[in-house]
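The values are calculated or read from the model by the stated rules, or taken from the named source; none is laboratory data. Just so it is clear, the structure is predicted and the values come from calculations on it, not from any experiment. Heads up, the Cβs are rebuilt from the backbone with ideal geometry, glycines too, and the neighbour counts pull from every protein chain shown.
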């Protein structure tokens, strides 16, 4: 595909906002066109803050400064921060959907340029992970918001339709599997320093699912079967505070940080201390930095998953089909019994994606996960290369995110 088309992700998208647009008592009403332009400019300003630093960066003051208007005018048109973030999310979602739609159309028109079945997915992931406006990170953040708040779910529907169109250009038989892999790759690559040439080994990993070799065929067949079968709807369990029965101040701090991450809030020292019921100085006494606290959260989540997975693995014998079966047996934990930890892990990834000082830690944690999975995979695929383990990790993380979000039916109605 020739890079001659205009990048739509740089384009400012008009947003229709259904909030208050009339005059308040004692004020002179501005012309309607002025209202429309101001509302559009505020939504665009919020979207620009989001692209560069994530949705947490959107504030009334920040949007006012970006748009060159007064803070009071922003709050006049968007009385709550949620309305402001939602308007900005519409801009982000429309831009991503338009760009993916352009990519899909280019694949359909120039499919002779797609030399292998995986080319469409490779080029899509490369754009999502290397574009300067961070569309991959923005897409994951939109998904996280949709999991927490149904108001964001409709914004993902056009993105889902265009994803199916783009992937279906070369892989009509198993498009859902490849969309899961796309999201898994985003979850793996977003917390890492961005490479101008895209994720290393991406083509080999995508090729594993598009054209598996004889050694990995049964593994991939099991994953395709798992994706194609309807799974039970687990619903959302009633979440109890993770900090209900801690052993001491250190544990209370870790569990409080997990609670805050699960809510999608910023785990600052002050917020963690208040939620844990400890002094602010206690957080720095027990942990040298916020990174150490987050590493403690990650260690707790990983220990819980490892304990559950070990019990499941102990009951399995067929080495070639154990992985899809294990994932299916783990879903009740991820989606019903322990969704708080699952959501916290997602927000931990997103926080690392936007925080450069966390990226070195995130890279080490990811390599540890890959090495552990590679040792387990050796039971089914002797001498499996590391890329198989990384591709498997993409499937696991993408599959869990897929089901967390599809609870809002945006994939199923695409």
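Output the residues belonging to region 54-81 that are in contact (Cβ under 8 Å) with a residue 60 or more places away in the chain, in a helix (DSSP H, G or I) and surrounded by fewer than 19 Cβ atoms within 10 Å (Cβ to Cβ).
Passing the criteria: only 56.
Which numbered condition trips up residue 214, out of (1) in contact with a helix residue (DSSP H, G or I) (Cβ under 9 Å, 6 or more places away or on another chain); (2) surrounded by fewer than 22 Cβ atoms within 10 Å (Cβ to Cβ); (3) assigned to a loop (DSSP other than H, G, I, E, B)?
(1)
Here are the criteria: (1) out of contact with any helix residue (DSSP H, G or I) (no Cβ under 6 Å at 6 or more places or on another chain); (2) farther than 30 Å from residue 325 by Cα; (3) surrounded by 15 or more Cβ atoms within 10 Å (Cβ to Cβ). Tell me which single one residue 274 does not satisfy.
Residue 274 satisfies every listed condition except (3).
Can you pull out the helices (runs of 4 or more DSSP H) entirely within region 304-382 that have at least 2 residues that are on the phi < 0 side of the Ramachandran plot and at pLDDT below 80?
Details: elements: 322-332, 339-354, 356-377.
Passing ranges, in order: 322-332, 356-377.
Quick one: how many residues across region 244-297 are outside any helix (DSSP H, G or I) and within 27 Å of the chain's Cα centre (by Cα)?
Residues that pass the stated criteria total 7.
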